[in-house]
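Participant: So that we are looking at the same thing, I have put the structure below in structure tokens.
The values are calculated or read from the model by the stated rules, or taken from the named source; none is laboratory data. Please read all numbers here as calculations on a predicted model, not as lab measurements. Every residue, glycine as well, gets a Cβ built from its backbone with ideal geometry; the counts of neighbours run over all protein chains shown.
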Amino acid sequence: MRIVLALVFLVWSLPAIARDVEVDVQLFLAVDVSRSMSPVELEIQRRGYASALTSDEVLGAVRNGMIGRIAVTYVEWAGEHAQSVVVPWTLIDSAESAAAVAGRITAHFDDGMRRTSISGALLYAADSFADNGFTSYRRVIDVSGDGPNNQGRPVLRARAAVLDRGFTINGLPLMTQDAFSERWGIPDLDVYYERCVIGGPGAFVIPVLHWDEFAMAVRRKLVLEIGAAPALAPATAVPVQYVPPAPYNCMVGEDLWERNRMYFDYP
């Protein structure tokens, strides 16, 4: 009998030591820092995410969750193998922990990196969930970017691989206009994200047309992803289930790069 009790104690006590922390959602924030982003725009992005994470709306969404805490990581990406972890997987369960994450995001501002590989960012993100110390029913990869995929695995193949692993992919296409976007961007980036990038349960796109809209768009996006306050959902949020199955060239970014790379410096 003592041996049985000892075994029961061993079974129940050891897993508790290594047990993952349960949260309402695990949220991977994948933020574009390709060369098409100016230093000012890179700063706007970081400050926008920091402001959103510490906002009353987002903190309220966290508190209103079934468990009342979330896990986030903030990773900047560019080319296929160019990902930089700014904030590793971290628990947010209070205003203080959110402020600590925001502080790390705005602690320094690195320069941009070359190329644009949404597929590389998606695959890197999916792998990062393994053994991150958290568990949840919902796992969300949140991709922001100002151009289509132009390096690495075709984005449709990467998306399919990620969706097969049970993730949701949301998109924040940055449709601001400048010299880089005229040369390397596409005018319907929001449609590209809808048809080629996002997917999974409840997936949506929130386009950003002007940089002064960025902070509010991020705040609304985070509230939707955390799963509270549906009244904050913007009219521009496009659920993936409503995307018509019309043909679309999801290799448009690769085509643009091949056409332009001999004549111009590239992002």
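Participant: Just give me the residues in the stretch 149-181 being part of a helix (DSSP H, G or I) and within 16 Å of the chain's Cα centre (by Cα), in sequence order.
Facilitator: Listed by number, the residues that qualify are 155, 158, 159, 162, 163.
Participant: Sticking with this one: Could you check how many residues of the stretch 131-160 are farther than 12 Å from residue 197 by Cα and either modelled with pLDDT under 95 or surrounded by fewer than 24 Cβ atoms within 10 Å (Cβ to Cβ) (or both)?
Facilitator: Residues meeting the conditions: 14.
Participant: Working only within the stretch 89-105, note down all residues that are out of contact with any Phe, Trp or Tyr (no Cβ under 9 Å at 6 or more places or on another chain) and surrounded by fewer than 21 Cβ atoms within 10 Å (Cβ to Cβ).
Facilitator: Quick first cut of the stretch 89-105, residues out of contact with any Phe, Trp or Tyr (no Cβ under 9 Å at 6 or more places or on another chain) only: 92-100, 103.
The answer is 93, 94, 95, 96, 97, 99, 100, 103.
Participant: Restricting attention to the stretch 70-86, and to residues there that are β-branched (Val, Ile, Thr), within 13 Å of the chain's Cα centre (by Cα) and within 14 Å of residue 97 (Cβ to Cβ), which single residue is surrounded by the fewest Cβ atoms within 10 Å (Cβ to Cβ)?
Facilitator: 73
Participant: Within the stretch 21-44, is even one residue among the hydroxyl-bearing types (Ser, Thr, Tyr), modelled with pLDDT of 90 or more and surrounded by 23 or more Cβ atoms within 10 Å (Cβ to Cβ)?
Facilitator: no
Participant: While we're looking at this one, here's another question. Of 254, 213, which residue is over 17 Å from residue 168 (Cα atoms) and either modelled with pLDDT of 90 or more or within 15 Å of the chain's Cα centre (by Cα) (or both)?
Facilitator: 213
Participant: Give the number of residues within the stretch 45-69 that are surrounded by 19 or more Cβ atoms within 10 Å (Cβ to Cβ), hydrophobic (A, V, I, L, M, F, W, C) and farther than 14 Å from residue 91 by Cβ.
Facilitator: Qualifying residue count for the region: 4.
Participant: Do we have residue 82 as among the small types (Gly, Ala, Ser) and at pLDDT 95 or above here?
Facilitator: no
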